[in-house]
Every structure is written in C-alpha cells, then in structure tokens.
Protein chains: 2
Amino acid sequence: MTRIVAVDTYDIRFPTSQELDGSDAMNPDPDYSAAYLVLRTDDPDGHEGHGFAFTIGRGNDVQTAAIAALHPYLIGRPVEATLADLGGFWRELVHDSQLRWLGPEKGVMHMAIGAVVNALWDLKAKRAGLPLWQLLSRMSPEELVALVDFRYLTDALTPDEALAILRRSADGRADREKEILRDGYPAYTTSPGWLGYADEKLARLCREAVGQGFRQIKLKVGADLDDDRRRLRIARQTCGPDIRIAVDANQRWDVPDAIAWIRELTPYDIWWVEEPTSPDDVLGHASIAKAIAPVRVATGEHVQNRIVFKQLLQAGGLSFLQIDAARVAGVNENIAILLLAAKFGVPVCPHAGGVGLCELVQHLSMFDYVAVSGEKQDRVIEYVDHLHEHFQDPVVIRDGSYQAPTAPGFSAAMVPATLREFRHS
Amino acid sequence: MTRIVAVDTYDIRFPTSQELDGSDAMNPDPDYSAAYLVLRTDDPDGHEGHGFAFTIGRGNDVQTAAIAALHPYLIGRPVEATLADLGGFWRELVHDSQLRWLGPEKGVMHMAIGAVVNALWDLKAKRAGLPLWQLLSRMSPEELVALVDFRYLTDALTPDEALAILRRSADGRADREKEILRDGYPAYTTSPGWLGYADEKLARLCREAVGQGFRQIKLKVGADLDDDRRRLRIARQTCGPDIRIAVDANQRWDVPDAIAWIRELTPYDIWWVEEPTSPDDVLGHASIAKAIAPVRVATGEHVQNRIVFKQLLQAGGLSFLQIDAARVAGVNENIAILLLAAKFGVPVCPHAGGVGLCELVQHLSMFDYVAVSGEKQDRVIEYVDHLHEHFQDPVVIRDGSYQAPTAPGFSAAMVPATLREFRHS
C-alpha cells in the first residue's frame, strides 16, 4: 500500500507591486504570492500533488504555516483509499472538531484546506492520466454528489436535486467534451483595466484585447468618479459598442455609495458591476442589485464558502457567480457551488488572475459545461496575462478562448526554478 | 517617547477534553486553548498589554503564528500616540492592503488583530489606572464614535446616529456606574448543561445553579432528540417554572432540521435557541426565527464581524445578540456591534466561557449598560466556572451576578505559572 510520505511547503512571493499590475481601488500594491505545497508519496510512479492558496503578500507566511499545520492529517495516509473518497477527506478536515473553531469554514484555515484538497485532486488526475476537467467530467452523477457536503445547503439544494441536475446533463457529455477540446471556453480580459495604468496604456491594451479576439473586458473602478467616467469613455470608444465592458469596484463602497456611484456609470453600457461592497454583505448585494437594475451584480472571489453563495443566490444578490479556485475549500466545495448556480440558473464566470488561478479555474468551468450546467451562454472565465511563465502547464488562450488543457493533473505545478528563486526567506 | 519594544507570544493549551467540560453537539472534545500575547514597552512604569484569541486546541499554533506575524506593526511603535488613536490603529491593521486578502475581516487573521487590539486596550486601561469598563464609560460620545469603523455599516448605522445613541445615554452615566459597582451585572450559567454530563450530574448542577442565585441556565442540545427531551424535563423539574432555560445547538442543524427539532422542544418553555445553524447563514437564521416564534433565536459567538451582525439585525435573524470578546477584531469592533444592537433595540447577551472570555466580556457589558444602551432588561452575560484560576484578576460572581472588576486593565492577564506550565511545545 502506498502512502503520503512528505508535504513540502513554500512561501512564494512575486514583487508585482513594482509594476502596478493588479492595482485596484482596494489593493493598490499587491505582491502576488502563493502559499504552496507539494505532496509526495512512496509510489514508484513518482507523481506529486501540487496545490496552493493565493495571497497578495504580507501574511503569506501565516497562510503557509496553516498548510503546514495540516501535516498530521496527511503524512502516512494511504494514497488510494484517500483519493477514492475525497468527499470523506473533505468532511474530515473541514469538520474537524477542533480546527473548525478557527473559521468555521472561512479565512486562512479554510484556504489551507482548499490548497491541500486541490493538491490531492492534482495527484488523483495525474494518476488517472487525465486533466482534472476530464477526470471530473467522466465521473458518474452519484460519484460527484458523494464529493459534496450538503450541510447547511438543504434549504436550497438537496442531494436528490443535485443528482437530478447531473443526470439531466449526463446525456450530451461526450459531445460537449469534444466541443471543449475543439473550441475551448470563452475568456474575458482584465489586463487593460488596472487602476494604476495611464490612459494611453488603457487604450492600447483595449485595442490589443479586441484584436486578440476577446469579446469582453473589465475595468477597475471606485477610486475616483471622474477617472472612472474618463476611463470608461476611452474604453467604450476604443472597443466599440459590441464589446462587453464590465467594471470591478473590489469592495470599495458602502451600500448607498455603491448605488449612487453605479448610477453615474450607467451611460457607458456596463455589462456587470463586480464586488460593489463587502463580500460578507448578502443583504447589501441584494439591495444594490435591486436599485441598479438593469445593470447586474457579479461577485464571489472573496466569498468564503458555499453557505454565503447559497444566500447570495437566494436573495438575488448576484447575476453572475464568480467562483475562485483557491478561496473555498477546493474542488469539492466548488462542485457544490456549481450545483447551486445550476439550480438557480445563474451563470458562473470564474475569478482568475493572481498566481495560477487561471490555470486552476479553467478546469472547473470546462467540467461545469460538460457535466453540470451544460451551458455556455453568458459564461466567461477571467483572464489576466501575468505570471503564467511560472507554471509547468500554463494556460493557452486562442481567439479569446481558453484552450482545453490536455496534460494530466490540475495545472497547478510551478516550474522548479520558480520554487527556488521566489521562495521568501 | 516610549515605544513598544517586544511582543511575546504563547501557545497555551489546557487538556480539558479529558473531563468533557465544554462538550456539545459540534465540539465533542475541546482542549480549551489561547493564542496569547504580551506587549512590552520601554516605559519605566512597567505596564504590559495582554491579549489572546481563544481556540479549542488543534490550530492554536496557526493562531499564535498569525499574532506573531503582526510584530512589524507593533515593534518600535510610539506608545502614547498609538493608545491615543486606537481607531486609527484598528483601521491600519484591518484594512492593510495586503493582509486583508487573508479574510477579509474574518478567521485566523481577524482574530489575531483582535488579540492585539485587546492587548493595547489592556495596556491603555492599566496606564489610566482604571478597569476597561470604566475607562470606556468615561470617554465622550465623540471619542467613542472615533473608535468605530463605519465602513459597510452606513446602510444600517451612520456616525451621526451612533453619536445620537451615545448622547442619549450620556445623562445617567454616573448613576449607572454606581449601580454597576454596587450590584454588578446579571449572569446565566452554562455549567450544568454540557452534553457529556450524566443526568444525575445535570440535576445536581441545576440545583446548585439555582441555589447560587442564577435566574437562567443553558443546556446543550442537538445530538439526540430523546436525550434533549429527557434532559430538558430534568432541568425544568429541578429548576421550577421561574428559571429561564435556554438551549444551545452549536450550529448542529440545517434550516429545515432546526425548525422541526426546535418545535419538539417547545413544550419545555425555552427562553432562547442558540446557534441553530451555520453562523454564516443570515437568511437561514431569519427563516428559523420566523418559523419557531415565539421561541427566540440567539447567536453571535461565531459571527465573524460587524457586517454579519448588521445583517442578522436587518433580517430579524436574532432576538439576542451574543458578542464574543475574542472573535471579532477586539474592543473597537465590539463597540460597533453594541451600537448596532442599540440602534435595533436588541439585547446583548455575551458569549463567555472558554479561556478568559468571562474575564474580558464583562467589561463590554458593563460599558454597554453605563454608556451605550443604558438597559439591563433581558441582558445576561454567560458564565462558565472553568479555568478562572489561571487569571490574575478572575471574575467574581455573587448572587448570580458578575461583580464589577476594579483592577486596572482588561482582566486579560494569565498568572505567570500558567504561561510556563501550559505552554504547548
């Protein structure tokens, strides 16, 4: 019987604040970072499981320590039995009777569990010789439902309802898998819109985005209303009327401010307003959504777990649900969230960028299309062209679409030189 | 100018799981623990600031590491200027542009900030020669409002409204301070009701509680319905009809289960049902509250921040608001929550027990009575008779009431022998 024999952790930091890449109204100076782990086994196949939590600099050491604190749950654990029941593993960690006090199900400890869960999925997919999206897309509805913890969800989604959703999508799976392999999955780009960029750079990057085939871009807003108006005007003029322009306030506003500010931006034909206020404020999102209609709200990258997503859906607090691959507790919790979104008929448009988030989340959207929602209408994955060179299996964008990854695993592994050079002392 | 020169951190753990003290439906085996810190300055007065986050065992090392990660914000900091603007200090840490990614405002990092903020309040009160509750009670409405961050609150509570609440209570402050010094503040006891106790022990502890002058007790429920009925019958028979009996499910149920289960317990005249479901589920609490009326919902010990409390009040998700001294970001955030509760007219009944939570939270309730709500009606502080011997200034209970602490500070300091003997290696 093979076992997990080592968990190596790395505090990886990139000095991105020097370039103002990633600058927005709440995050003026991020140093994109990853609390990274490598699971090793004594299997002669030599496969490793890689995973990480994304942070923006200070505190990445705490995030890394939280991952290291999960060692006792991992070392000596039988590989096959663990990978055969990742639903059970998820419950064991998330509901650990002592650890849960540190959340419950939120913040540093929850993200640490997410990094470990994702590393196990990476390992499982490598052992299966499949990219994660295909591995998931070929699991039966019953196997998928067993991965999900329905605790605190049953007033909105029961296991039977989840099973019905998955069975409904079972028919066309093979065709949709082929379609993904041929066409990929649509992306939108945030690269033009960082708040720290000058107007000329904004216009140039908008032109390039349209030239590259993107049908949607996103601009950061919320620091200064006049700047927002000017930048939206430049973007709209450069892109023309057919390109969707979303804006992202990164939690900048209180509820009344959000409503007033967004109304000022309405003339520029905004596709969605992202993170108008605190990610914890379900009722605030619902109030804003009601007041600014027909402009629609998107949120999710900072939503802590499936329970808050459930409420955002119940309250009508969002029209686009933005999963993040590394904030909730990994693949399993994101499957729960994809099922909730399918139940409520809300499109999932993942958050990406950061460090490796594009690499991870493409697998979840492709799986969603093949085996859960079966829909692509109004669904796009965020794309940011930063830091992909640090990954062994970086995303490939062609004609504004993510091309299906074909290498086995979860595309999570960084290149060895990066793990050496960007390790924080 | 005096400065902060050292921050010592301690991973303190008590092996409480051996006695089943603290056992409930979600926490069968807690080892009550504290991630503890001592701030030292170069002031010849020798005063230290003590603070801690409470955890229940595993993960206390991560919580301690998170506090240690705040060293750079503390070392070298001028003592007087910092203590003169704790509102500014709070904003600086909570809204740090990189650290906030780890929450934002929740989980391990937020609790670490709370521990540091509380340690600074301990230091400030010691330097003023006053117990914290008196220090706070003598601050002007303007000074108190300046301590509060209203970000994400203004749809429910503006600074002007907060000022009006505090000014309304300014008149009777001196009388109420005298009253607190004379009568203390009412307590209820959870000591009889831990789930792991045998029926005979439950009955004996109920008798003792009534004999000691408590007018309210609390029982843990939610593991087995027949057990809950039997234990409530024993408690009701032992205490008689005039003692309030609250029950606490510790997040055990989904929404539909909670409603069904609580209805089964209604015949026993329950004063409140505590934590019926996930602390993140605002809408779930509101649904439960509506369905089980006139039985009322209490919650808060796991509520991550003021933004979720705001929504619980807006949605009618609770009838008793249970602040915790060490989960949110310290005294400042709890002042925000006390003001929200006053605005909505909801009684605050703090969570306590654990390690040192009674010691801390008594200060907040006494301050609330003197300077914020001016009310004691239906307000009680939880009391659990564990681990007080480890504190330098332990709580004093007489006739079922907390006696006003008189020693300067926040009653947060453990005795030196405890810091030596229970330090986790």
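The values are calculated or read from the model by the stated rules, or taken from the named source; none is laboratory data. Because the structure is a prediction, the values reported are computed rather than measured. For neighbour counting, all protein chains shown are included, and Cβ atoms are generated from backbone atoms with ideal geometry for every residue, glycine included. Side chains included, ligands, DNA and RNA excluded: accessible areas come from the protein's heavy atoms. Shrake-Rupley method; radii C 1.70, N 1.55, O 1.52, S 1.80 Å.
Which residues, counting only those in the range B:256-282, are at the interface with chain A (Cβ under 7 Å from one of its Cβ atoms) and either over 20 Å from A:LEU283 (Cα atoms) or open to solvent by 10 Å² or more (accessible area, probe 1.4 Å) (or both)?
Matches in the range B:256-282: B:PRO256, B:ASP280.
Can you tell me which of (1) open to solvent by 10 Å² or more (accessible area, probe 1.4 Å); (2) away from chain A (no Cβ under 12 Å); (3) not acidic (Asp, Glu) is the one B:PHE14 doesn't meet?
B:PHE14 satisfies every listed condition except (1).
Taking the options A:ALA258, A:ALA329, A:ALA246, A:ALA289, name whichever one is within 30 Å of A:VAL210 (Cα to Cα), aliphatic (A, V, I, L, M) and in contact (Cβ under 8 Å) with a residue 40 or more places away in the chain.
From the options A:ALA258, A:ALA329, A:ALA246, A:ALA289, the qualifying one is A:ALA246.
Can we say A:ASP248 is surrounded by 24 or more Cβ atoms within 10 Å (Cβ to Cβ), modelled with pLDDT of 95 or more and within 25 Å of A:TYR383 (Cβ to Cβ)?
It is true that A:ASP248 is surrounded by 24 or more Cβ atoms within 10 Å (Cβ to Cβ), modelled with pLDDT of 95 or more and within 25 Å of A:TYR383 (Cβ to Cβ).
Against the condition open to solvent by less than 10 Å² (accessible area, probe 1.4 Å) and within 22 Å of B:PHE410 (Cβ to Cβ), how does B:GLY330 come out, does it pass?
Yes.
What's the number of the only condition in (1) touching a strand residue (DSSP E or B) at 6+ places or on another chain (Cβ under 9 Å); (2) part of a loop (DSSP other than H, G, I, E, B); (3) more than 10 Å from chain A (Cβ to nearest Cβ); (4) crowded, with 24+ Cβ neighbours inside 10 Å that B:HIS285 fails to meet?
Every condition holds for B:HIS285 apart from (2).
Sort out which residues of the range A:207-226 are open to solvent by 60 Å² or more (accessible area, probe 1.4 Å) and either touching a residue at least 24 places away in the same chain (Cβ under 8 Å) or of a type in the set (Lys, Arg) (or both), and write them in order of number.
Once the filter is applied, which keeps residues that are open to solvent by 60 Å² or more (accessible area, probe 1.4 Å) and either touching a residue at least 24 places away in the same chain (Cβ under 8 Å) or of a type in the set (Lys, Arg) (or both), the range A:207-226 yields A:ARG207, A:GLN212, A:ARG215.
When you scan the range B:293-317, how many residues do you find that are in contact with a Ser or Thr (Cβ under 8 Å, 6 or more places away or on another chain) and away from chain A (no Cβ under 14 Å)?
Matching residues across the range B:293-317 total 4.
Go through the range A:150-163 and report how many residues are of a type in the set (Gly, Ala, Ser) and more than 11 Å from chain B (Cβ to nearest Cβ).
Adding up the residues that qualify gives 1.
Which one of these is more than 8 Å from chain A (Cβ to nearest Cβ), open to solvent by less than 10 Å² (accessible area, probe 1.4 Å) and either within 23 Å of the chain's Cα centre (by Cα) or under 23 Å from B:SER33 (Cβ atoms) (or both): B:ALA115, B:ALA68? Give the derivation first.
Working: B:ALA68 fails: open to solvent by less than 10 Å² (accessible area, probe 1.4 Å).
So the residue among B:ALA115, B:ALA68 that is more than 8 Å from chain A (Cβ to nearest Cβ), open to solvent by less than 10 Å² (accessible area, probe 1.4 Å) and either within 23 Å of the chain's Cα centre (by Cα) or under 23 Å from B:SER33 (Cβ atoms) (or both) is B:ALA115.
Looking for something in contact (Cβ under 8 Å) with a residue 60 or more places away in the chain, within 23 Å of B:GLY409 (Cα to Cα) and within 11 Å of chain A (Cβ to nearest Cβ) - is there at least one such residue anywhere in the range B:33-44?
Within the range B:33-44, one or more residues are in contact (Cβ under 8 Å) with a residue 60 or more places away in the chain, within 23 Å of B:GLY409 (Cα to Cα) and within 11 Å of chain A (Cβ to nearest Cβ).
Whether any residue in the range A:93-106 is within 18 Å of the chain's Cα centre (by Cα) and open to solvent by less than 20 Å² (accessible area, probe 1.4 Å) is what I want to check. Before the answer, list the steps.
Going through the range A:93-106, the residues within 18 Å of the chain's Cα centre (by Cα) turn out to be A:105-106.
Next, from what is left, pick out any that are open to solvent by less than 20 Å² (accessible area, probe 1.4 Å): A:105-106.
Within the range A:93-106, one or more residues are within 18 Å of the chain's Cα centre (by Cα) and open to solvent by less than 20 Å² (accessible area, probe 1.4 Å).
Looking only at the range B:410-424, decide whether some residue is at positive phi, touching an Asp or Glu at 6+ places or on another chain (Cβ under 6 Å), open to solvent by less than 40 Å² (accessible area, probe 1.4 Å) and not in a helix (DSSP H, G or I).
For the range B:410-424, residues at positive phi, touching an Asp or Glu at 6+ places or on another chain (Cβ under 6 Å), open to solvent by less than 40 Å² (accessible area, probe 1.4 Å) and not in a helix (DSSP H, G or I): present.
Of B:VAL355, B:VAL328, B:VAL346, B:VAL295, which residue is out of contact with any helix residue (DSSP H, G or I) (no Cβ under 7 Å at 6 or more places or on another chain) and assigned to a loop (DSSP other than H, G, I, E, B)? Give the steps one after another, and end with the answer.
Details: B:VAL328 fails: out of contact with any helix residue (DSSP H, G or I) (no Cβ under 7 Å at 6 or more places or on another chain); B:VAL346 fails: out of contact with any helix residue (DSSP H, G or I) (no Cβ under 7 Å at 6 or more places or on another chain); B:VAL295 fails: out of contact with any helix residue (DSSP H, G or I) (no Cβ under 7 Å at 6 or more places or on another chain).
It is B:VAL355.
With B:LEU166, B:LEU147, B:LEU136 as the choices, which residue is out of contact with any Ser or Thr (no Cβ under 6 Å at 6 or more places or on another chain), more than 14 Å from chain A (Cβ to nearest Cβ) and either open to solvent by 20 Å² or more (accessible area, probe 1.4 Å) or closer than 18 Å to B:GLN362 by Cα (or both)?
Unique residue meeting the criteria: B:LEU136.
So, A:LEU130, is that one within 23 Å of A:THR406 (Cβ to Cβ), of a type in the set (A, V, I, L, M, F, W, C) and buried (at least 16 other Cβ atoms within 10 Å of the Cβ) or not?
yes
Could you please find all residues in the range B:357-401 being open to solvent by less than 10 Å² (accessible area, probe 1.4 Å) and either aliphatic (A, V, I, L, M) or without any contact (Cβ under 8 Å) to a residue 12 or more places away in the chain (or both)?
Listed by number, the residues that qualify are B:LEU357, B:LEU360, B:VAL361, B:LEU364, B:MET366, B:VAL370, B:ALA371, B:VAL372, B:ILE381, B:VAL384.
Look at B:GLY87 and say whether it is touching a residue at least 40 places away in the same chain (Cβ under 8 Å), within 12 Å of chain A (Cβ to nearest Cβ) and open to solvent by less than 10 Å² (accessible area, probe 1.4 Å).
Details: touching a residue at least 40 places away in the same chain (Cβ under 8 Å): yes; within 12 Å of chain A (Cβ to nearest Cβ): no; open to solvent by less than 10 Å² (accessible area, probe 1.4 Å): yes.
Spelling it out, it is not the case that B:GLY87 is touching a residue at least 40 places away in the same chain (Cβ under 8 Å), within 12 Å of chain A (Cβ to nearest Cβ) and open to solvent by less than 10 Å² (accessible area, probe 1.4 Å).
Please work out which one of (1) closer than 29 Å to B:VAL308 by Cα; (2) open to solvent by 30 Å² or more (accessible area, probe 1.4 Å); (3) of a type in the set (S, T, N, Q) is the condition A:GLN237 fails and give its number.
Result: A:GLN237 passes all but (1).
Within the range B:90-104, track down each residue that is of a type in the set (D, E, K, R) and within 7 Å of chain A (Cβ to nearest Cβ).
B:ASP96
Any idea which residue in the range B:288-319 is nearest to B:ARG244 (Cα to Cα), counting only those that are small (Gly, Ala, Ser) and open to solvent by less than 10 Å² (accessible area, probe 1.4 Å)? Steps first, please.
Quick first cut of the range B:288-319, residues small (Gly, Ala, Ser) only: B:289, B:291, B:293, B:298, B:300, B:315-317, B:319.
In the following step, the residues that additionally are open to solvent by less than 10 Å² (accessible area, probe 1.4 Å) were identified as B:298, B:300, B:317.
Details: B:ALA298: 14, B:GLY300: 20, B:GLY317: 21 Å.
Ranking the qualifying residues of the range B:288-319, first place goes to B:ALA298.
Taking the residues in the range B:36-65 that are open to solvent by 10 Å² or more (accessible area, probe 1.4 Å) and assigned to a loop (DSSP other than H, G, I, E, B) as candidates, determine which candidate is farthest from B:GLY114 (Cα to Cα).
Residue satisfying both the conditions and the ranking: B:PRO44.
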